[in-house]
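A.B. asks: What follows is a structure written as structure tokens; I'll ask about it next.
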Amino acid sequence: RRGVQLVVSGQPPAAMAYGDLAMTERVLDNLIGNAIAFSPEGSRISLVMSGDERFLEVAVQDQGPGIPEQDLPHIFEPFYRGSAGESSGHSGLGLAIAERMMTLQGGSVHAENCPPAGACFTLRLPVAEV
Ligand code: ADP
């Protein structure tokens, strides 16, 4: 298939988050799959891990066209595919399910465009109290 570079970086803090592994895997799979679908040949997808004493975060950033401003407030709605996704043959359910799966775990998923170009999705899980 096409060549896209996947780069993992960041400094996850020495903390644990409790979550559902199957759900978190599925959300990451969805975000990375979308990033690949929108990535131009030879571009890079970055997975950046970070966090503080309250949250662990994983950001998935691509170098694709980004999410059109008019679509941004809606992309987590079920069946919303946005102007770029209409012809893709997808259901528009992926991100709606991802958001539900993250909130069920006490976490969240957030979308924005990151300069100079590309979409950036950030997953967040609360750090476990010990
Ligand atoms: P599907 O399940 O059909 O793949 P999603 O819910 O995952 O749909 O995504 C909804 C819409 O959000 C997509 O149709 C597309 O318009 C937009 N989108 C999602 N990820 C990206 C991305 N990485 N870059 C640009 N647009 C994106």
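A.B. asks: For the chain, what is the calculated [θ] at 222 nm in deg cm²/dmol (nearest 500), taking -39500 (n - 2.57) for each run of four or more DSSP H residues and dividing by its residue count?
C.D. replies: -7500 deg cm²/dmol
A.B. asks: Within the stretch 46-80, which chymotrypsin sites (Phe, Trp or Tyr not before Pro) sit in a loop by DSSP and count at most 13 neighbouring Cβ atoms inside 10 Å?
C.D. replies: PHE79
A.B. asks: Which percent of the accessible area of the stretch 51-130 is formed by carbon and sulfur heavy atoms (probe 1.4 angstrom)?
C.D. replies: C and S fraction of accessible area: 55 percent.
A.B. asks: May I ask which residue of THR122, VAL60, SER43 lies farthest towards the positive end of the charge dipole of the chain, with charges of +1 (Lys, Arg) and -1 (Asp, Glu) on Cβ and the Cα centre as origin?
C.D. replies: Positive-end residue among those listed: SER43.
A.B. asks: What distance in nm lies between label points placed 7 Å from Cα along the C-beta direction at ALA22 and GLU77?
C.D. replies: About 3.1 nm separates the two model spin labels.
A.B. asks: Related question: Averaging the inverse of every distinct alpha carbon separation and then flipping it gives the Kirkwood radius. What is it for the chain, in angstrom units?
C.D. replies: Answer for the chain: a Kirkwood hydrodynamic radius of 15.2 Å.
A.B. asks: Counting only heavy atoms of the protein chains, get the accessible area per residue of the stretch 46-130 (1.4 Å probe) and round it to a whole Å² value. Intermediate results must be reported in sequence, preceding the final value.
C.D. replies: Working: 4750 Å² over 85 residues.
Heavy-atom SASA per residue in the stretch 46-130 reads 56 Å².
A.B. asks: In debye, nearest 20, what is the charge dipole magnitude of the chain about its Cα centre with +1 on Lys and Arg Cβ and -1 on Asp and Glu Cβ, if you could check?
C.D. replies: My answer is approximately 300 debye.
A.B. asks: I've got another one for you. Starting from the residue with the highest accessible area, list HIS90, HIS74 in decreasing order, probe 1.4 Å.
C.D. replies: Ranking HIS90, HIS74 by accessible area, largest first, yields HIS90, HIS74.
A.B. asks: Ignoring ligands, DNA and RNA, how do LEU28, LEU104, LEU95 rank by accessible area with a 1.4 Å probe, largest first?
C.D. replies: In descending accessible area the options line up as LEU104, LEU28, LEU95.
A.B. asks: How far, in nm, would the chain grow between GLU112 and ARG54 when pulled straight, counting 0.36 nm per residue and subtracting the alpha carbon separation?
C.D. replies: 18.7 nm
A.B. asks: Compute the longest continuous run of the chain that contains no exposed GluC sites (Glu not before Pro); treat a site as exposed when its DSSP state is not H, G, I, E or B and it has at most 15 other Cβ atoms within 10 Å.
C.D. replies: Longest site-free region, per DSSP loop and neighbour criteria: 87-128.
The values are calculated or read from the model by the stated rules, or taken from the named source; none is laboratory data. Everything quoted here is computed from the prediction, not taken from an experiment. Every residue, glycine among them, receives a Cβ derived from its backbone with ideal geometry; neighbour counts consider all protein chains shown. To get the accessible areas, we keep the full protein, side chains included, count just its heavy atoms, and leave off ligands, DNA and RNA. Shrake-Rupley method; radii C 1.70, N 1.55, O 1.52, S 1.80 Å.
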